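Visitor: Once you've had a glance at the structure underneath, I'll fire off some questions.
The values are calculated or read from the model by the stated rules, or taken from the named source; none is laboratory data. Fair warning: this is a prediction, and the values are worked out from it, not measured in the lab. As a convention, Cβ positions derive from the backbone with ideal geometry for all residues, glycine included, and neighbour counts pool all protein chains shown.
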Amino acid sequence: MNALKYKRIILKLSGEALAGEKGFGIDQEVINLIAKQTKEVIDLGVQVAVVVGGGNFWRGAVGSHAGFDRSTADYMGMLATVINSLALQDGFEKQGIETRVQAAIEMRQIAEPYIKRKANRHLEKGRIVIFAAGTGNPYFSTDTAAALRAAEIEAEIVLMAKKVDGVYSADPKVDPEAVRFENLEFMEVLQQRLKVMDSTATSVCMENRIPIVVFNLNEVGNIKRIVMGEKVGTFVREGAK
């Protein structure tokens, strides 16, 4: 068997991905798909941390535009990520994987507080750690939380799970001439405002030299292919050209 290319990863999932075709709430089949693919790499010895959004229930920015106080709307979104984190924990544990949820907002009855040293210890023991409630601060996305946690735990790569097979020059559903990028540099993502991560998250990854891969979550086996070093989706890093 080929050697692993990445031994510690952050898997970033959108809340919308958990909704599947329903568009709202949580699709158990999607949870099972994610759990089975993740177990494949856990069994190889990969250390996996997960950050999940809450857009299948609530988006802070949308709530703010609807008239809610922005901070209040963002805290509501953080709570939505906790719901998703608990659903993922249940799915992972049904696959026999020990899992811990660490929340940036204290809620001891259902999650540990986020402590870097404790998260690292869980990972070293082969447990999945799910980082819930974003950064714990309003005005910051779960993309930024993923980048921040990746830097803190010294993850080797951030896997951005999407419903498309990479980053395109335009929306491929709208523009038939849209081109998929195989490799991108961080500055290209920022300058062209490409839909990889938000600009804050991209900057954190750039400054800490943490590569990003954008891939199709629905293609079974993609997570394993990435950690084994196969070319999947769009790869974003410094000096990619």
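Visitor: Consider only pairs whose beta carbons are under 8 Å apart and that are at least six residues apart or on different chains; among these, list those whose first residue lies in the range 36-49 and is part of a strand (DSSP E or B) and whose second residue is of a type in the set (Phe, Trp, Tyr).
Guide: Matching pairs, first to second residue: 49/131.
Visitor: Being touching a residue at least 60 places away in the same chain (Cβ under 8 Å), surrounded by 19 or more Cβ atoms within 10 Å (Cβ to Cβ), touching a helix residue (DSSP H, G or I) at 6+ places or on another chain (Cβ under 7 Å) and farther than 18 Å from residue 34 by Cβ is the requirement here; does residue 135 meet it? Even if it seems obvious, please write down each step before you answer.
Guide: Working: touching a residue at least 60 places away in the same chain (Cβ under 8 Å): no; surrounded by 19 or more Cβ atoms within 10 Å (Cβ to Cβ): yes; touching a helix residue (DSSP H, G or I) at 6+ places or on another chain (Cβ under 7 Å): yes; farther than 18 Å from residue 34 by Cβ: yes.
Spelling it out, it is not the case that residue 135 is touching a residue at least 60 places away in the same chain (Cβ under 8 Å), surrounded by 19 or more Cβ atoms within 10 Å (Cβ to Cβ), touching a helix residue (DSSP H, G or I) at 6+ places or on another chain (Cβ under 7 Å) and farther than 18 Å from residue 34 by Cβ.
Visitor: In a loop (DSSP other than H, G, I, E, B), among the β-branched types (Val, Ile, Thr), surrounded by fewer than 23 Cβ atoms within 10 Å (Cβ to Cβ) and on the phi < 0 side of the Ramachandran plot: which single residue out of 83, 110 fits that description?
Guide: Working: 83 fails: in a loop (DSSP other than H, G, I, E, B).
Checking each option against the conditions leaves just 110.
Visitor: Residue under question is residue 63, and the condition is that it be over 17 Å from the mean Cα position of the chain (by Cα), surrounded by fewer than 22 Cβ atoms within 10 Å (Cβ to Cβ), of a type outside the set (Phe, Trp, Tyr) and farther than 25 Å from residue 197 by Cβ; does it hold?
Guide: Working: over 17 Å from the mean Cα position of the chain (by Cα): yes; surrounded by fewer than 22 Cβ atoms within 10 Å (Cβ to Cβ): yes; of a type outside the set (Phe, Trp, Tyr): yes; farther than 25 Å from residue 197 by Cβ: no.
No, not satisfied.
Visitor: Starting from residues that are part of a helix (DSSP H, G or I) and among the aliphatic types (A, V, I, L, M), keep the ones in the range 86-98 and report whichever is nearest to the chain's Cα centre (by Cα). Before you say what the answer is, go through the steps one by one.
Guide: Just the residues of the range 86-98 that are part of a helix (DSSP H, G or I), to begin with: 86-94.
With the extra rule that they be among the aliphatic types (A, V, I, L, M), the set shrinks to 86-88.
Details: 86: 15, 87: 15, 88: 12 Å.
Among residues in the range 86-98 that are part of a helix (DSSP H, G or I) and among the aliphatic types (A, V, I, L, M), the one nearest to the chain's Cα centre (by Cα) is 88.
Visitor: Which one is farthest from residue 84 (Cα to Cα), of the residues in the range 28-45 that are of a type in the set (A, V, I, L, M) and under 16 Å from the mean Cα position of the chain (by Cα)?
Guide: Here is the first cut: in the range 28-45, the residues of a type in the set (A, V, I, L, M) are 30-31, 33-35, 41-42, 44.
Remaining after also requiring under 16 Å from the mean Cα position of the chain (by Cα): 30-31, 33-35, 41.
On the way: 30: 12, 31: 10, 33: 15, 34: 13, 35: 13, 41: 21 Å.
The qualifying residue farthest from residue 84 (Cα to Cα) is 41.
Visitor: Look at residue 45 and say whether it is modelled with pLDDT of 95 or more, among the small types (Gly, Ala, Ser), surrounded by fewer than 20 Cβ atoms within 10 Å (Cβ to Cβ) and more than 24 Å from residue 103 (Cα to Cα).
Guide: On the way: modelled with pLDDT of 95 or more: yes; among the small types (Gly, Ala, Ser): yes; surrounded by fewer than 20 Cβ atoms within 10 Å (Cβ to Cβ): yes; more than 24 Å from residue 103 (Cα to Cα): yes.
In short, yes.
Visitor: What number of residues within the range 175-228 are within 16 Å of residue 155 (Cβ to Cβ), loosely packed, with under 13 Cβ neighbours inside 10 Å and of a type in the set (Val, Ile, Thr)?
Guide: Residues flagged as within 16 Å of residue 155 (Cβ to Cβ), loosely packed, with under 13 Cβ neighbours inside 10 Å and of a type in the set (Val, Ile, Thr) within the range 175-228 amount to 0.
Visitor: Suppose the filter is surrounded by fewer than 14 Cβ atoms within 10 Å (Cβ to Cβ), in a helix (DSSP H, G or I) and not aromatic (Phe, Trp, Tyr); does residue 72 pass it? Reasoning before the result, please.
Guide: Details: surrounded by fewer than 14 Cβ atoms within 10 Å (Cβ to Cβ): yes; in a helix (DSSP H, G or I): yes; not aromatic (Phe, Trp, Tyr): yes.
Answer is yes for this residue.
Visitor: Shifting gears a bit: Would you check which residues across the range 140-155 are small (Gly, Ala, Ser), surrounded by fewer than 24 Cβ atoms within 10 Å (Cβ to Cβ) and not in a helix (DSSP H, G or I) and list them? Show your work before the answer.
Guide: The first filter runs over the range 140-155 and keeps only residues small (Gly, Ala, Ser), leaving 141, 145-147, 150-151, 155.
The next check asks that each one be surrounded by fewer than 24 Cβ atoms within 10 Å (Cβ to Cβ); those that pass are 141, 151.
Matches in the range 140-155: 141 only.
Visitor: Considering only the range 50-69, state which residues are of a type in the set (S, T, N, Q) and in a helix (DSSP H, G or I).
Guide: Answer for the range 50-69, where residues must be of a type in the set (S, T, N, Q) and in a helix (DSSP H, G or I): just 64.
Visitor: Identify all residues within the range 156-215 that are small (Gly, Ala, Ser) and in a helix (DSSP H, G or I); write none if there are none. Don't jump to the end; show me each part of the working.
Guide: Filtering the range 156-215 down to residues small (Gly, Ala, Ser) leaves 161, 166, 169-170, 178, 199, 201, 203.
Within the range 156-215, 199, 201, 203 qualify.
Visitor: Let me ask another. Looking at the range 212-241, I want the residues that are free of Cβ contacts under 8 Å to residues at least 24 places away in the same chain and have a partner that is part of a loop (DSSP other than H, G, I, E, B) with Cβ atoms under 6 Å, at least 6 apart or on another chain. Which pairs are those?
Guide: Every condition considered, the pairs that remain are 225/232.
Visitor: Given the criteria among the polar types (S, T, N, Q) and farther than 26 Å from residue 198 by Cβ, does residue 47 qualify?
Guide: On the way: among the polar types (S, T, N, Q): yes; farther than 26 Å from residue 198 by Cβ: no.
Against the criterion (among the polar types (S, T, N, Q) and farther than 26 Å from residue 198 by Cβ), residue 47 does not qualify.
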